[in-house]
Amino acid sequence: MRLNRRCWIAAAMFVPLAAETAQPSTAPGGRTPSALTIQELMDTRVDPSADVLWDSVAFIASSKGEEDRRPRTPAQWDAVHQSALALLGAVDALGIPGRRVASFEKEPGPGELRTSEIQRLIDANPRAFARHARSLKSAAQKALAAIDAKDADRLLDAGGLIDAACESCHVVYWYPNQARNGTGR
């Protein structure tokens, strides 16, 4: 299920997609990508990239009519291609051992764990967190393959896999109490 903040723990860019061809050399606050926290990676790279992929293919029926949204032009396919590459790069950065969840503790939302609790869970089993990152990477690779084949239906399917990979991580590290209580998002 989609969340507004769905990928800050599992997690491309606020730079125009056409200009994004690789990881930028600096990030928020002038920090290099290797110094970013998990939350910064999610907020600035993972979630925006995934949003572009998710929003690129949809069938929307409303009182205004129907919209069959999918990339059609070379420029549209290039934009989703760049987002898939950005997502892959961000996921690789997530997998760097020892990366901190956040640089400071902030008040969590309802049902969410504190940053220090998330960090404790990751530190207790970094291999499990790495498995979640690999699952997201696999889903992003499927999206990239669908994009390379210019297959919007496969891209839609890959978007579901990306969402499932994000959610499977979130229910462990971000809001496990909501999942146990049946109030997951």
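Where a number appears in this text, it was derived from the coordinates with a stated rule and is not lab data. Please read all numbers here as calculations on a predicted model, not as lab measurements.
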Task: Computed log₁₀ I(q)/I(0) - Debye formula, equal Cα scatterers, no solvent, segment 91-180, q 0.14 Å⁻¹ - done: -0.58
- [ ] Can you tell me the equivalent ellipsoid semi-axes for segment 37-151? Use √(5λ) from the Cα gyration tensor, largest first, whole Å.
- [x] 32, 18, 11
Task: Cross-link reach list, aspartates and glutamates versus residue 150, counting only Cα pairs under 13 Å and skipping chain neighbours closer than eight places - done: 78
